[in-house]
Each structure stands twice: as C-alpha cells, then as structure tokens.
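The values are calculated or read from the model by the stated rules, or taken from the named source; none is laboratory data. Note that this is a predicted model, so its numbers are computed, not measured. Heads up, the Cβs are rebuilt from the backbone with ideal geometry, glycines too, and the neighbour counts pull from every protein chain shown.
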Amino acid sequence: MRAIIESARISGFINAPKSKSHAIRLIFASILGNQKILAIPKSEDVRIAIETVKQLGVEIKGADFSLKKMPRQDKSYFYVGSSATCLRFLIPILCVIGGSYVIDGDDQLRKRPLNAIYEALFPYGILSSNMLPLKIEGRFKEDEIAIRGDESSQYISGFMFAFALKGGGKIKIINRLTSKSHVLMTKEVLEKFGVKVNMAENSIEVIRKEYVTQVKSEVEGDYLLSSFYVAGSLITTGSITIKGLPKPRSYFGDHSILEIYKRMGAVSEYSNGKWICNHSPSYKAVKVDIDDAPDIAVSIAALASVSEGITEMKNAMRLGIKESNRISSIIDVLKSFNVVAKFEDGSLSIEGLNKEKLNHAVVKSHDDHRIAMLASVLALVNGGIILGAESTAKSNPNFWEDLQRLGGKIKLEN
C-alpha cells in the first residue's frame, strides 16, 4: 500500500495510541495469574502476543485473561510473525518451562540474529542456533543466567518473566544494559503480581513470594506513537493536544520526547493526562544520549530535520538491529527529503534545514512502522509518497485515519 500525502496543517485533539510495548508486557504477565486488561490495542504485534499466551495455557474472553493451569508444554510450534518483542520474551519462558519447541517468524525476523541469548544458553545446549527457525530442547534448571545487555533488553525482560514464573532467579548483565527504560516498564508490570525486582548496576534479582490471584490493568498511551502527530503539527504551524498519556516517569524513556521537543523550542507541556503542544517560529538542534530508549531516535529525527543546527544522538548503535536497520533507513528517508544525516562513532547526527527546502519525495518505509511515520511527518510540508504504508499496522493500525482527522490530506492506494 502507498500513502499519497499533500501539504496540510495538522491541528486538533486526539486520544493517544495505546502502547504496544506496555500491552505486550501485560499480556505476557497473564502467565503469572488472572488479569483483566483494559484498552488493548489491535496492532499486529499485540495480536501475536495474545496468540502466544493462549498457547501457553491462558484463556481469553474479552478483557479477561485467565490462567486455568500453570504454563506447560501443550504446543510445540510457535509462530511470532515479525514481533521481535514476543520472540525475545518467549525464548526464556519456554526454556524455563522446558520441553521441545520450534519458534519461527516471518522473513524479516528470520534475518535478525539472536546472538546474546544463544551465547548465554550455549553451555546448556538448549538452543539449536542463533537464527530462526529456532529449536529448543530441554529445560533451563539454573537460578542464574549471565547474558549480554547490549544487544536487546527484551531478553532481560524475558528472563524476568521466566524467573517470576519459576519463583525467582538472578540475571547477571554482561557489558552494559541498553533500553533500560523498557526493563523498568517490565519491573512495574511484574510488581503488580507480587514479584519483587531488585535492580543493581550489573544484575537483576527476581523474587516471587506473593501470588496475586487477580490483577486489573489498563494499557497506557504511547508517547512515541503520539510524537509523530505532534511533530507533524509542530512543523506545519499547528497546535495539538494528545489525551490519555501517563505522567512522565523520573527516568529517561519514551516519555522524554515531551521534554526534548520543549528543548528544541516547541511549546510542549504535560497536564492531567494530556500532552499539550504548540508550534514555534523556529526550532533548534539538541544533543541527546539515547542509549536507555533508542526508539526515541526516529521521533527526534522528525523535528531535527527542520531545526537550526546539527542534532546529535549518542549511543545510537542499537538502531542497526530494529525492524529495519534504522541507522541506514533514517539516513535514507531524510536524504530523500533533502536532509543530511550521518552515522559516525556511534552517534547519529542530523543537519536541519529550512522546511521550505524539504523535497517532495517518494520513499520506502523499509517495512518499518516508525520509518513510515517519520516519512509522513516530512511529507506534510511539501508532499510525498510513502511506499509500504501498511507497515504502520505493526504498532498503530489507526495511524493514517488519525492523521486525516487532524487535517492531513492523505490518499491510500493498494
């Protein structure tokens, strides 16, 4: 599908898209006990998460997720599509449950290596390889695992779920932990189930002494998905209010985009569940270390493209192993719109320009939902065409409809 976008002004009020990351964590937490989950989004990755926990023994009726029996091997084959989150949560869980399994995904996910977890479990002979399709044979019986934290924090979260299911365990982190904010999100979810999580600099201890019988949860609004509406409004001289967002946490995470846009010159404030933004005559470059929340890079890139100066995002290496190689896909998309970006010494830099100099461009989404959203923001100025526009369904199936309701002139063609 392609999206044909004309120049338009983005303004108005809209509910925040629900967080895919938070929803998947809540769904996987249902293997620990009964849960009512409200406001579940209908994105593709969330659908896969629901199907996965069903195979683990969770019964689902509407918002009710009921664990009728402790997870055990009922199904031997799991298909996770393009959801790296589900894959990386599922591997540790199946290893702790034990048995004989095959996990597979789509062509995109088959190309993404599983080096960190393969290396961690290699001494135990449980995993067949570091690529999909992956065979799991046996059971991980230890109460401690040592694993690299620089490839993906999702393996860490997966072991947190797995050890919570087991009753406890310790994760020793080799090197450094990236995307720490997402591990903290997992910690918050687990604590609702009576799981105590002790985090130190290089280790995480999971202790489950209390077994909560019923939990009620609601999926949070997502700051980064909302940020593409905000960026579109800011660069088209609009004003926008996003409703249904949680209060920003004290640590650096996806919510930090609110403060970053403010640093760049926008009116950007949080009040009573709402992100309230208004455009400014001009924007300025910033320097940000994105190691704890690398997904934020695409949202920063949207506004950095029309900001005065060179925006620098440090510790951007992890962008290379996302849905696309986001280092190259961001650079490629920005180049199509006449924006210069480069990657050097672990940092992604973007040299902003006057928005009137943005090209009318035809760009590929690289089958990456965030890259399609980035391209849509820049196309709002002087027009453009996004190929592979359907990729937004991975996290926000209502993206194009929402953008139209905010004033976007968009035509979708198969």
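Is it the case that S250 is part of a loop (DSSP other than H, G, I, E, B), at pLDDT below 95 and either among the polar types (S, T, N, Q) or buried (at least 23 other Cβ atoms within 10 Å of the Cβ) (or both)? Don't jump to the end; show me each part of the working.
Details: part of a loop (DSSP other than H, G, I, E, B): yes; at pLDDT below 95: yes; either among the polar types (S, T, N, Q) or buried (at least 23 other Cβ atoms within 10 Å of the Cβ) (or both): yes.
Yes: the conditions hold for S250.
Looking only at residues that are of a type in the set (V, I, T) and in contact with a strand residue (DSSP E or B) (Cβ under 7 Å, 6 or more places away or on another chain) in the stretch 312-357, which one is surrounded by the most Cβ atoms within 10 Å (Cβ to Cβ)? Please lay out each step first, then the result.
Restricting attention to the stretch 312-357, the residues satisfying the condition of being of a type in the set (V, I, T) are 321, 327, 330-331, 333, 339-340, 350.
Of the ones still in play, those that are also in contact with a strand residue (DSSP E or B) (Cβ under 7 Å, 6 or more places away or on another chain) are 327, 330-331, 333, 339-340, 350.
Numbers: I327: 20, I330: 30, I331: 19, V333: 28, V339: 23, V340: 14, I350: 26.
Ranking the candidates gives I330 first.
Output the residues belonging to the stretch 97-120 that are more than 24 Å from R47 (Cβ to Cβ) and surrounded by fewer than 21 Cβ atoms within 10 Å (Cβ to Cβ).
G98, G99, S100, P113, N115, Y118, E119
Any residue in the stretch 254-281 that's in contact (Cβ under 8 Å) with a residue 60 or more places away in the chain and assigned by TED's automatic domain parsing to the domain that holds S11: show its pairings with residues that are assigned to a loop (DSSP other than H, G, I, E, B) and small (G, A, S) at Cβ separation under 6 Å, as long as the two are six or more apart or on different chains.
Within 6 Å, the pairs are D254/A293.
For the stretch 143-171, give me each residue that is assigned to a helix (DSSP H, G or I) and farther than 17 Å from A116 by Cα. Show your work before the answer.
Residues of the stretch 143-171 assigned to a helix (DSSP H, G or I): 153-166.
F161, F163, A164, L165, K166, listed by residue number.
Out of all the residues in the stretch 330-354, which are over 11 Å from S305 (Cα atoms) and part of a strand (DSSP E or B)?
Hits for the stretch 330-354 are K342, F343, E344, S347, L348.
Among residues belonging to the stretch 153-172 that are more than 17 Å from I27 (Cβ to Cβ) and surrounded by 21 or more Cβ atoms within 10 Å (Cβ to Cβ), point out the one that is nearest to the chain's Cα centre (by Cα). Steps first, answer last, please.
We begin by selecting, within the stretch 153-172, every residue more than 17 Å from I27 (Cβ to Cβ); these are 153, 155-156, 159, 163, 166-172.
From what's left, surrounded by 21 or more Cβ atoms within 10 Å (Cβ to Cβ): 153, 155-156, 159, 163, 169, 171.
On the way: S153: 11, Y155: 14, I156: 15, F159: 18, F163: 23, G169: 26, I171: 22 Å.
Among those that are more than 17 Å from I27 (Cβ to Cβ) and surrounded by 21 or more Cβ atoms within 10 Å (Cβ to Cβ), it is S153.
Could you tell me which numbered condition L109 fails, if it satisfies all but one of (1) part of a loop (DSSP other than H, G, I, E, B); (2) at pLDDT below 95?
Result: L109 passes all but (1).
Every residue in the stretch 120-138 that is charged (D, E, K, R) and within 29 Å of the chain's Cα centre (by Cα), please.
At the first step, the residues of the stretch 120-138 found to be charged (D, E, K, R) are 135, 137.
Listed by number, the list holds a single entry, K135.
Quickly run through the stretch 267-279 and pick out the residues that are over 24 Å from the mean Cα position of the chain (by Cα) and surrounded by 14 or more Cβ atoms within 10 Å (Cβ to Cβ).
N278, H279
Tally up the residues in the stretch 313-362 that are farther than 19 Å from S299 by Cβ and touching a residue at least 40 places away in the same chain (Cβ under 8 Å), please.
Number of matching residues: 1.
In the stretch 367-414, what residues are at pLDDT 95 or above, assigned to a helix (DSSP H, G or I) and among the aliphatic types (A, V, I, L, M)?
I371, A372, M373, L374, A375, V377, L378, A379, L380, V381, A389, L403
Has the stretch 130-144 got at least one residue that is touching a Lys or Arg at 6+ places or on another chain (Cβ under 6 Å), assigned by TED's automatic domain parsing to the domain that holds L190 and of a type in the set (D, E, K, R)? Before the answer, list the steps.
First, the residues of the stretch 130-144 that are touching a Lys or Arg at 6+ places or on another chain (Cβ under 6 Å): 132, 144.
Subsequent filtering for residues that are assigned by TED's automatic domain parsing to the domain that holds L190 retains 132, 144.
From what's left, of a type in the set (D, E, K, R): 144.
Checked against the condition, which is being touching a Lys or Arg at 6+ places or on another chain (Cβ under 6 Å), assigned by TED's automatic domain parsing to the domain that holds L190 and of a type in the set (D, E, K, R), the stretch 130-144 yields at least one hit.
What are the residues in the stretch 355-366 that are outside any strand (DSSP E or B) and farther than 13 Å from S328 by Cα, if any?
The answer is K355, E356, K357, L358, N359, H360.
Which of the residues that make up the stretch 304-329 are part of a loop (DSSP other than H, G, I, E, B) and either within 28 Å of R88 (Cα to Cα) or of a type in the set (V, I, T) (or both)? Lay out the reasoning, then the answer.
Of the stretch 304-329, the ones part of a loop (DSSP other than H, G, I, E, B) are 305-307, 309, 315-316, 322-325.
Listed by number, the residues that qualify are V306, N315, A316, K322, E323, S324, N325.
Looking at (1) closer than 30 Å to L67 by Cβ; (2) modelled with pLDDT under 95, which is the one condition that is false for M317?
Here M317 clears every test but (1).
Consider E201 carefully, then state whether it is free of Cβ contacts under 8 Å to residues at least 40 places away in the same chain and within 17 Å of D292 (Cβ to Cβ).
On the way: free of Cβ contacts under 8 Å to residues at least 40 places away in the same chain: yes; within 17 Å of D292 (Cβ to Cβ): yes.
Considered against the rule, which asks whether it is free of Cβ contacts under 8 Å to residues at least 40 places away in the same chain and within 17 Å of D292 (Cβ to Cβ), E201 comes out as yes.
Just one of the numbered conditions (1) at pLDDT below 95; (2) in a helix (DSSP H, G or I); (3) surrounded by 19 or more Cβ atoms within 10 Å (Cβ to Cβ) is not true of D291; which one?
Of (1) at pLDDT below 95; (2) in a helix (DSSP H, G or I); (3) surrounded by 19 or more Cβ atoms within 10 Å (Cβ to Cβ), only one is false for D291: (2).
Can you tell me which of (1) part of a loop (DSSP other than H, G, I, E, B); (2) modelled with pLDDT of 95 or more is the one S217 doesn't meet?
(1) is the only condition that S217 fails.
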